[in-house]
1. Mind jotting down the distance between the C-alpha centroids of the range 273-347 and the range 198-227, whole Å?
2. Over the Cα atoms of the range 29-144, what radius of gyration and what Dmax do you get, in Å?
3. Specify which residue in the list Leu101, Tyr188, His280 is farthest towards the positive end of the charge dipole of the chain, using unit charges on the beta carbon of Lys, Arg (+1) and Asp, Glu (-1), about the Cα centre.
4. Please report the projected area of the range 244-289's Cα convex hull averaged over all directions, in nm².
5. Is there a quick way to get the dipole size of the range 244-289? I mean about its Cα centre, with the Cβ of Lys and Arg at +1 and of Asp and Glu at -1; what is the value in debye to the nearest 20?
6. With charges set only on the Cβ (+1 for Lys and Arg, -1 for Asp and Glu), what does the dipole of the range 301-347 come to about its Cα centre, in debye to the nearest 20?
7. Starting from the Cα coordinates of the range 202-347, work out the convex hull volume and express it per residue in Å³.
8. In the range 133-234, if the dipole is taken from +1 on Lys/Arg beta carbons and -1 on Asp/Glu beta carbons about the Cα centre, which of Thr224, Leu155, Ala137 is farthest to the positive end?
Amino acid sequence: MFCLECGSTDKKMIGDICIDCFLKDYQMIQIPHRIEVQICSHCNSKLEEGKWLDENIPEEEVIYRALEKNITINDLVENEIINLKIEQLKGTIAICYVEILGEVHGQKIDENHDVEVKILKSVCPTCSKIQAGYYEAVIQFRAHNREIKNEEYELADKAIERILIRQSKVDKLAYCPQIATLKEGRDYYIGSLKTARKVGESLKDEFGGIIKESPRLISEDKSTGKGLYRIWISIRIPEFEIDDFIKYENRILQVKSINKNRIIGTDIKTAKNHTIPMKHLEDIKLLKKANEIETTTIISKSPKNLQILDPSDYSAVDLELKDGFQDYNIGDEIKLIKIDNYIYLVN
Ligand SMILES: [Zn+2]
Ligand SMILES: [Zn+2]
């Protein structure tokens, strides 16, 4: 056997030619000399087959991945090691060096390629929405019959921030481009409706209250007839707070806890707890705020009565000694609340 190309007879043969002649024009890998990658200049996501993927990847990594993706390794190659190197980064052009060490028909080969990766920068649709201050929903944070307190704003801001951080992992539009503080409450503009609904739920978890959604038609796409809606989500938190006195179904209750589903209050006549479903919030009437609780002194005690001083005119008032008040003695201070000219003791 001799090589059809060079005539040598002492070499390993690959078909009709010797290994040296075979490897002369052989390339272990195919890679284009020039590769273009389109990335978003804000989030670094990459445009691939019409889709923007993989945001927040450093530019160098984008280049390495582009190189890897464009390499085709010949089937005959074994034990290959590929080294990628960015030799120079000039503006948006990366001069790269691709080295492959491998074996073909038992022969060790070291092959090099120079590749230019050009990064084309633009703005992905999501980032352009964010830049334009795009939003799909507005959360209207309000309280029933009163203004919202500063500490409630602080709690709400924190709750919203937590949700936005959590949601940003799954929703690029989980952001709040604008907050407007009005006399009646605060409006939080939220990028996506999905995240806005989560924000609404988290405020309800925090404060209780009632959520209502109202869509508004913003514009109409003439060609498809489809409307573009923006959703206003109002969350109205209760007028009353913990320790306030409320009336519900002829009971006077002191509020003990509020959560998203219910309000628990202690009946000031029986000292028993009652639960009111949050959906009945609108049937609850605020009677007195906790800061209207007064303090007085016990001037006498009998097995069935306590006598106290009415703090408004220092007249003596006899009250029935109820469960929960047996441990009080003459001279002790005791708390009371006046509702409809009647005095109730408060523990
Ligand atoms: Zn040959
Ligand atoms: Zn982007």
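FYI, it's all coordinate maths here, none of it is from the lab. Everything numeric in this text was worked out from a predicted model, so none of it was measured. With ideal geometry, Cβ positions are generated from the backbone for all residues, glycine too; neighbour counts draw on all protein chains shown.
1. Distance between centres, Cα-based: 44 Å.
2. 20.4, 83
3. After comparing all options, I get His280.
4. Numbers: hull surface 11.3 nm².
So the mean shadow area of the Cα hull is 2.8 nm².
5. Values: 11 positive and 5 negative charges, 23 e Å.
It comes to approximately 100 debye.
6. Numbers: 5 positive and 9 negative charges, 15 e Å.
Once rounded to the nearest 20, the dipole reads 80 debye.
7. Details: hull volume 18.5 nm³, N = 146.
Taking only Cα atoms, the range 202-347 has a hull volume of 127 Å³ per residue.
8. Among Thr224, Leu155, Ala137, the one farthest towards the positive end of the dipole of the range 133-234 is Thr224.
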